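Report on one structure; see the data block that follows.
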Amino acid sequence: ERPSRLEAPTMEGEVRERTEAEAMTMAFTASEARAMVAGGKWKELVRSFEALASSTNTGVHDKNGNPAHPLDVLAYYFLALYRLRENEKIGRTIEGLASWIAGPTSDGGSHGEQVEPAAPFLLLWVHASYKLLNKGTQDEGLSRMYELLERCRALRSSYQEKLQFDVGSADVTPICDLEQCAPGAANTASLVAAWDRRHKTCACALACHHCHLKQFRPALRILSELTSSSQDREYGALLAHVLLQMGDVRSASKVAEGMARPAGEGGGSDALSGNLDGLLAFARDDFQGCLPKFEKASREAPGEAGVHARNNLAGGHM
């Protein structure tokens, strides 16, 4: 008996036939991918979704006729490749999705209202940032990252304008970067918060890349803007680090003074300031004075900040 067949439109608008069995092998769900990510099964995730990723098809349906939402699944696939640093494989696959990733940025109306991307944010991020990791494509990667930065800024501004008239949108619910948010599933305040966070993520990535290339001026401009528009003291710490790399100890000290918090407001932020104070002392050749600050920060700082403090402490002893 001939197997039943399903029609699946490709990205180019063509129509090709697939057997139901073939379609089902591609009809993975985001929940399966989510479970693999939670278990850190990056290589298994890549193997499981290789067939879907190698096809440009985005219209596969399961046996019940329900969309398989492959763009959500592909976001998890590319996250796995990104974690495994499989940049060549990313390039071979993700460029075929470029038209979906780009999509329209506005609704085409007279006011040019911004519209949500057709793909999850993670796909936009990988499509732009993976080219920064290869010397031969860094210029194109920078161009894409700045375009993504502006897109995030535009969407944030668009939702901020809507929020002025949306009095019922106060509670902020986190929005996942790996899955597309269904229309109407998130309120305006949540969308403002999501695109603000994404804008800051892109800005920090660009600043770090410029610093890596010793292009301190553009990094300084990006971080100065973030520091002036945000209450998050980590941006101030990053700005001070860039100023120290430029040899501008006086300006870095002023930034550190602006980060000072009243007594009693402790936690990781105090450790952040302590680590920065240690770096300032080190920059002034006060090697004995920097050590207690690094030691205190290494004990108090959580997570990655503690690692940096311990590295600085080791450097101070050398």
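The values are calculated or read from the model by the stated rules, or taken from the named source; none is laboratory data. Please read these numbers as outputs of a predicted model, since none were measured by experiment. Cβ atoms come from the backbone with ideal geometry, glycine included; neighbour counts cover every protein chain shown. SASA here: full protein model, heavy atoms, side chains in, ligands and nucleic acids out. Shrake-Rupley method; radii C 1.70, N 1.55, O 1.52, S 1.80 Å.
Is the shape of segment 188-264 rounded, prolate or oblate, going by the alpha carbon gyration tensor and its root eigenvalues a ≥ b ≥ c, with a/c under 1.5 for rounded and a/b larger than b/c for prolate?
oblate
Choose one of Pro183, Cys202, His212: the residue whose Cα lies farthest towards the positive end of the charge dipole of segment 171-217 (beta-carbon charges +1 Lys, Arg; -1 Asp, Glu; about the Cα centre).
Sorting the options by dipole projection puts first His212.
Between Arg197 and Asp286, take the C-beta separation as r, use R0 = 41 Å, and let me know the FRET efficiency to the nearest 0.05.
Details: r = 37 Å, r/R0 = 0.90.
Efficiency for this residue pair is about 0.65.
Considering only protein heavy atoms, what per residue accessible area in square angstrom results for segment 125-172 with a 1.4 angstrom probe?
Values: 2710 Å² over 48 residues.
Each residue of segment 125-172 exposes 56 Å² on average to a 1.4 Å probe.
Taking the Cα centre of segment 104-246 as origin and charging only Cβ (+1 Lys, Arg; -1 Asp, Glu), how large is the dipole, in debye to the nearest 20?
640
Using label points projected 7 Å from each Cα along Cα→Cβ, tell me how many nm separate Arg250 and Ser229, to one decimal.
Calculated label separation equals 2.9 nm.
If we sort 187-195, 214-222 on the protection proxy, mean other Cβ atoms within 10 Å, highest first, what's the order?
Ranking, from highest mean packing down: 187-195, 214-222.
In whole percent, and with a 1.4 Å probe on the protein chains, what portion of the accessible area of segment 201-244 is carbon and sulfur?
So the carbon and sulfur contribution to the accessible surface is 55 percent.
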